[in-house]
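The values are calculated or read from the model by the stated rules, or taken from the named source; none is laboratory data. Predicted model, so just to flag it, every value in this text is computed and none were measured. Cβ placement follows ideal geometry from the backbone for every residue including glycine, while neighbour counts extend to all protein chains displayed. In case anyone asks, the SASA skips ligands and DNA or RNA and just uses the protein heavy atoms, side chains included. Shrake-Rupley method; radii C 1.70, N 1.55, O 1.52, S 1.80 Å.
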Amino acid sequence: MEQYIIKGGKPLIGEVTISGYKNAALGIIAASVMTDETVKIENIPDVRDIDVLLQAIEDIGAKVERINRNTVKINGSKINTVEVEADYVRKIRGSYYLVGALLGKYKKAKVVLPGGCNIGSRPFDQHIKGFEALGASVKIEHGSICSEAEGLNGAHIYFDVCSVGATINVMLAACLSEGLTILENSAKEPHVVDVANFLNSMGANVKGAGTDVIRIKGVTKLHGCEYSIIPDQIEAGTFMFAAAATKGDILIKNIIPKHLEAFTAKLLEIGAQVEEFDDAVRVKAVGKLGSSHVKTLVYPGFLTDMQPQMTTLLAISKGTSIVTESIFENRFKYVDELSRMGANIKVESNTAIIDGVDKFTGAVVSAPDLRGGAALVIAGLMAEGYTIVEDVEYIERGYEKLEYKMQQLGASIIKVDSEDTKAIKKFKLKVS
Ligand code: EPZ
């Protein structure tokens, strides 16, 4: 089993370049099979969830040509089945976008119900509501979402819940429906906008993405295009918080500062320094940081995907902080692991009450999910002594070369097989 070994206590200093946004790439890769022409996508993050989705579209007949680890050409003209049921697909969440994409193009899709991080109940009802409004019948049978339509017709849909997944999925199907679709109470996250921009580059007519109301005029056919994915706001945020946590100084490059405003505001509030440039942000911290109250909200509020990293930072800051998780009910699983490192956090229902401690001490901890795992890496970087983070496969689902990027910033971290005693000994000798 692979694990990270971290010797904490060093400030992270230097420059890091942020990769493409995984959650945008998942929607865009699924959308790319909606045309029979070739699509070239750049700035794809080299992470496991993307590998799984590329494999899934290849398995149903799409031609996937990896120009390099961050650029891919996809051609969906030879898709020979609309059934995506292989077991490995269950592991990721983004596979559900194939329902919208295939239903739009072929008016039929059968896709295994998605898995993804276990961070709370993750219903699909708003996706179904949208597809049904467009005229499809949708059933959940034998663990798969089965959808079918004679034809799809534009509709006026009001989402009961603001959902990134449902907004993107229904937007995909609506692009190849007849007439006008209006999506109200849509998610406004940057990746919704990125998928909409990609669809428009393929000849779709999507307006209003990034606001509550998205208007989609259906077209009969989409065409090929070249597209570059936006930078990953969560990876950027993770490095911003790692800089503050380790009392470091990092220039985070290839970012869109607007997407990071909620994180910047919190860092400034607790006493870190943040300097914004056109496509970079510099985060620096000196001395003890202060406390804060944080509530996760839909964009442009404070993202749930940054909640574990924020809680971890507050756990070694001065005073008492309160973090409320309002999107996913099961997103505090990493707190038990943090407690093993000395954190003083009490979780009551969806709220964490954090009493800042002076220091963390290294321990063996296990990543419970993607962002919880990243938070444990940050904890290890600031802890006294060695921290072992197990179950790194969760972290690798969404962070490209995390340990390499951290090493470039001066961190003492390696990824090793837990059985590889020689490599572990060598690392410990090097950093001791
Ligand atoms: C996306 O998940 C992201 N995943 C998540 O990132 C992210 O945490 C989440 O959006 C919120 O920003 C991908 O983009 C692949 P939602 P998604 O539908 O689409 C409720 C990460 O770490 N809901 O916006 O599954 C739901 O229970 C991952 O990168 C319904 O009630 O999230 C939740 O409370 C983890 N019915 C809220 O909406 C539905 O039909 C938001 O979920 C759908 C959702």
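Counting only DSSP beta bridges whose two residues both lie in the chain, roughly 70 percent are antiparallel. Its Cα gyration tensor gives the stretch 185-337 an equivalent ellipsoid, and the semi-axes of that ellipsoid, as √(5λ) in whole Å with the largest first, are 34, 18, 12. Number of Lys-Lys pairs in the stretch 27-137 with C-alpha atoms under 23 Å apart and a separation of 8 or more places or on different chains: 22.
Under the simplified labelling scheme, the D87-R215 pair shows an inter-label distance of 4.9 nm, with each label point 7 Å from Cα along Cα→Cβ. If you take the alpha carbon atoms of the stretch 22-228 and fit the smallest convex hull around them, that volume is 99 Å³ per residue. Peptide packing: for 79-90, 221-232, the average count of neighbouring Cβ atoms within 10 Å per residue gives the ranking 221-232, 79-90, highest mean first. Looking at the stretch 106-182, the pairs of alpha carbons with a distance over 16 Å make up 49% of the total.
In terms of overall dimensions, the stretch 1-71 has a Cα radius of gyration and Dmax of 16.2, 53 angstrom.
In terms of Cα atoms, the Rg and Dmax of the chain work out to 21.8, 67 Å. Among beta bridges from DSSP that stay inside the stretch 22-228, the antiparallel ones total about 70%.
When every Cα-Cα distance of the stretch 281-432 is counted in 10 angstrom steps from zero, the calculated P(r) takes the values 11, 40, 36, 12, 2 percent.
Highest mean packing first, where packing is the average number of other Cβ atoms within 10 Å per residue, the peptides 132-139, 58-65 line up as 132-139, 58-65. Across all directions, the shadow cast by the convex hull of the stretch 357-432 built on its C-alpha atoms averages 5.3 square nanometres. Our estimate of slack between K40 and T320, defined as 0.36 nm per intervening residue step minus the Cα-Cα distance, is 95.9 nm.
Computed in the context of the full set of protein chains, the accessible area of the chain at 1.4 Å probe radius has 49% of its extent on carbon or sulfur. Summarising the label geometry, the points placed 7 Å from Cα in the beta-carbon direction at I256 and D279 lie 1.3 nm from one another.
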